[in-house]
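Visitor: Here it is, the structure, as structure tokens.
The values are calculated or read from the model by the stated rules, or taken from the named source; none is laboratory data. Bear in mind the structure is a predicted one, so any value in this text is a computation, not a measurement. As a convention, Cβ positions derive from the backbone with ideal geometry for all residues, glycine included, and neighbour counts pool all protein chains shown. Ligands, DNA and RNA are excluded from the accessible area calculation, which covers all protein heavy atoms including side chains. Shrake-Rupley method; radii C 1.70, N 1.55, O 1.52, S 1.80 Å.
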Amino acid sequence: QVQLVESGGGLVQPGGSLRLSCAASGSIFSINVMGWYRQAPGKQREWVATMTSGGSTNYADSVKGRFTISGDNAKNTVYLQMNSLKPEDTAVYYCNAKSTVRAYWGQGTQVTVSS
């Protein structure tokens with residue numbers, strides 16, 4: 001089992017920045033990929049960014065150039081640095097971890113971009 005705990009969400013003005021954190025615990029040795037997803041009100045959950053255990057990263061087109069995913073192995077934590085935030089980035093952001101047999105989800109953290 002893997003447990004994921006997100007933090008760092010909040011209210012920010014358009015153009016502002018936030019950094020989300022996802023702390024992993026449990027059987028983290030089994031994890032191959034970690035990432036972030038988001039779900040806006042009335043919409044399906046969508047992929048935002050992923051990072052493999054080898055350090056490769058990928059981003060959705062909607063966030064490319066504005067968001068950066070990174071990790072700290074010593075802290076078993078993955079981050080999502082979000083810059084130049086837009087109102088359409090408003091959503092609940094979920095941390096995701098994948099092993100070869102299943103996926104794990106955090107509880108989510110709310111990000112609201114509004115003036």
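Visitor: If I ask for residues that are part of a strand (DSSP E or B) and at pLDDT below 95, which ones from segment 53-76 would you list?
Guide: Residues satisfying the conditions are 71, 72.
Visitor: If you don't mind, there's one more thing I want to ask. Answer yes if at least one residue in segment 16-33 is modelled with pLDDT of 95 or more and aromatic (Phe, Trp, Tyr), and no otherwise.
Guide: no
Visitor: Something else about it: Determine which single condition residue 56 fails, assuming it passes every other condition in (1) touching a helix residue (DSSP H, G or I) at 6+ places or on another chain (Cβ under 9 Å); (2) without any contact (Cβ under 8 Å) to a residue 40 or more places away in the chain.
Guide: Tallying (1) touching a helix residue (DSSP H, G or I) at 6+ places or on another chain (Cβ under 9 Å); (2) without any contact (Cβ under 8 Å) to a residue 40 or more places away in the chain, residue 56 fails exactly one: (1).
Visitor: Now, a different point. Which residue, of 13, 1, is closer than 20 Å to residue 100 by Cβ, more than 14 Å from the chain's Cα centre (by Cα), open to solvent by 80 Å² or more (accessible area, probe 1.4 Å) and touching a residue at least 24 places away in the same chain (Cβ under 8 Å)?
Guide: 1
Visitor: Another one. Could you figure out which of (1) assigned to a loop (DSSP other than H, G, I, E, B); (2) of a type in the set (S, T, N, Q); (3) in contact (Cβ under 8 Å) with a residue 24 or more places away in the chain isn't true of residue 21?
Guide: With (1) assigned to a loop (DSSP other than H, G, I, E, B); (2) of a type in the set (S, T, N, Q); (3) in contact (Cβ under 8 Å) with a residue 24 or more places away in the chain applied to residue 21, the lone miss is (1).
Visitor: Something else about it: Can you tell me which residue within segment 93-115, out of those that are in contact with a helix residue (DSSP H, G or I) (Cβ under 7 Å, 6 or more places away or on another chain) and not in a loop (DSSP other than H, G, I, E, B), is surrounded by the fewest Cβ atoms within 10 Å (Cβ to Cβ)?
Guide: Checking each candidate, the answer is 113.
Visitor: Can you pull out the residues in segment 16-41 that are within 17 Å of residue 85 (Cα to Cα), of a type in the set (A, V, I, L, M) and either open to solvent by 40 Å² or more (accessible area, probe 1.4 Å) or under 11 Å from the mean Cα position of the chain (by Cα) (or both)?
Guide: If the condition is that a residue be within 17 Å of residue 85 (Cα to Cα), of a type in the set (A, V, I, L, M) and either open to solvent by 40 Å² or more (accessible area, probe 1.4 Å) or under 11 Å from the mean Cα position of the chain (by Cα) (or both), then 20 is the only one that fits.
Visitor: Another question about this same structure. Looking at segment 42-92, which of its residues are aromatic (Phe, Trp, Tyr) and either open to solvent by 80 Å² or more (accessible area, probe 1.4 Å) or more than 14 Å from the chain's Cα centre (by Cα) (or both)?
Guide: Passing the criteria: only 47.
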